[in-house]
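Q: This is the structure I want to talk about, given as structure tokens.
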């Protein structure tokens, strides 16, 4: 019996699989089976995914970017490689518990995990997938999370370092059938060994028929393990799934619809919701999507470390709404409505409480100019993004000015040190006998530029270039 078959027999399906957390939020593969094309109809040199998100450490909205490049003759990864990636992670856990980066396997073990038939076509699909995963280079900018929970400013890695795929031939011994192997790239494997993985129900994952369903399943399975309810800006959610080619709300809903329906049919995964509840309009062009973990699944989700944030959020939202009305029309008795609380919580989730408190006066100022007849908090939803961008730009300018001042101070200190250095050796030079000076000039001529050599030969000893070279030689001897 194979290791995979033993695992399937002994372990519950929801505990068997594994997924790598840094490989979930940004898709490594395109969402269609066809290779992407550039505007000229050829293969693009790279694919770039960018999502703007609030950075709690920097206290501003920053772009999080993944740039994908490929050296594979088969092109960029497709939904096929999404499946194989999950299977390789799961197989590594089954084979050696993530203790070794190189994993030996029989092709049929991967086929069993992915529910592929045992035939030549599957062997060919696997060979293409491994080649694409090995040829892939991933450059993360502010999007690869570290052990401390922060993001690397820039981090480049591959997925697989190498692989060997052996054809299965009947009649050969066990040793020949164990010859296939793959090896994880060192950076990714180090992240895996740090524990940056989570369980994944591979039976459910591999039973899904549509690429959008599998992509959405991994993303929601991660985020619904943190809280049973998940809400996100619709365009941002689509970008996390690889649907960034359009920001048309209707088209995004249409692309998501089949995947959402398929996930709703999984017992105990998400609660079915009508579109009117699944999608909520918060303002012009501003939509939110929400998911609720089904009650049957809530008891099996991973344990969470409780925080005080969820308890503070409603009070923070209400206080923000009351601050708005007090500043806007002097009303100190306003009681926030359910819709207003939802809107405020969305703003806090998107920008962070500290930033919201700082830019609320700017939002009110913009409204007094552009929409003075506004009566309700909901009118603010149009202005948060622009005011946040302006605030970020001011912060960036201030940081740049601060950095420039620091650099100028450092350069001035360096100039002073260099001047002191030159003054010291100029004084020593002036005290040297002429014979010692000539000896130093002769030494300089052995290594100096052609111009300096000509000046020395012509007796132009006071030329600045000659003096600099002689003082440098004197300093070298002094050291």
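Q: Please report 184, 429, 116 as a ranked list, fewest other C-beta atoms within 10 angstrom at the top and most at the bottom.
A: On the way: 184 25, 429 16, 116 20.
In increasing order of surrounding Cβ atoms, one gets 429, 116, 184.
Q: Next question. Evaluate E = 1/(1 + (r/R0)^6) for residue 209 and residue 412, where r is the Cβ-Cβ distance and R0 equals 56 Å; express this FRET efficiency to the nearest 0.05. If you can, show how the numbers build up before the last one.
A: Details: r = 66 Å, r/R0 = 1.19.
The computed FRET efficiency comes out at 0.25.
Q: Find how much the distance from residue 161 to residue 437 grows on full extension, using 0.36 nm per residue of separation minus their present alpha carbon separation; answer in nm with one decimal. Walk me through the intermediate numbers first.
A: Details: separation 276, 0.36 × 276 = 99.36 nm, distance 6.00 nm.
Going from the current span to full extension adds 93.4 nm.
Q: Could I ask something else about it? Arrange 391, 181 by Cβ neighbour counts within 10 Å, fewest through most, would you? Walk me through the intermediate numbers first.
A: Numbers: 391 19, 181 14.
In increasing order of surrounding Cβ atoms, one gets 181, 391.
Q: Hey, how much of the P(r) for the chain falls beyond 35 Å, as a percent of Cα pairs?
A: Details: 57800 of 114481 pairs.
Cα-Cα pairs of the chain separated by over 35 Å account for 50 percent.
Q: I would also like to ask the following. For a Förster distance of 22 Å, can you work out the FRET efficiency between the beta-carbons of residue 249 and residue 386, rounded to the nearest 0.05?
A: Values: r = 19 Å, r/R0 = 0.88.
Calculated value: 0.70.
Q: Next question. With an 8 Å cut-off on Cα pairs and a minimum separation of 6 or more residues, tell me the relative contact order of the chain in percent. Intermediate values should be presented prior to the final figure.
A: On the way: 582 pairs, mean separation 62.6, N = 479.
Dividing the mean separation by the residue count of the chain yields 13 percent.
Q: For the range 432-479, what is the convex hull volume of the alpha-carbon atoms per residue, in Å³?
A: Numbers: hull volume 3.3 nm³, N = 48.
It is 68 Å³ per residue.
Q: Rounding to the nearest 10 and keeping the result within 0 to 90°, find how far the Cα-based axis of helix 384-431 lies from the longest principal axis of the chain.
A: 20
Q: For residue 331 and residue 426, what is the calculated FRET efficiency with R₀ set at 56 Å and r taken between the beta-carbons, to the nearest 0.05? Working shown, then result.
A: Details: r = 75 Å, r/R0 = 1.33.
Between residue 331 and residue 426 the formula returns 0.15.
Q: Do the sum for the chain: with -39,500 (n - 2.57) for every DSSP H run of n ≥ 4, divided by all residues, what is the mean residue ellipticity at 222 nm, to the nearest 500 deg cm²/dmol? Display every interim value, and only then the final one.
A: Details: 20 runs with 254 residues, N = 479.
Dividing the helical sum by the residues of the chain leaves -16500 deg cm²/dmol.
Q: So what is log10(I(q)/I(0)) for the range 194-268 at q = 0.17, 0.20, 0.22 1/Å, when the Debye sum runs over its Cα atoms only?
A: For the range 194-268, the Cα-only Debye profile gives -0.69, -0.93, -1.10.
Q: Which order do 468, 381 fall in if you start with the one that has the fewest other Cβ atoms within 10 Å? Walk me through the numbers before you get to the answer.
A: Details: 468 14, 381 19.
Lowest to highest Cβ neighbour count: 468, 381.
Q: Let me ask you something else. Could you give the radius of gyration (one decimal) and Dmax (whole number) of the Cα atoms in the range 309-391, in Å?
A: Every Cα atom of the range 309-391 included, Rg and Dmax give 11.8, 35 Å.
Every number in this text was worked out from the coordinates using simple rules, so none of it is lab data. As the structure is a prediction and not an experimental result, all values here were calculated from the model. All Cβ positions, even for glycine, are placed from backbone atoms using ideal geometry, and neighbour counts span all protein chains on display.
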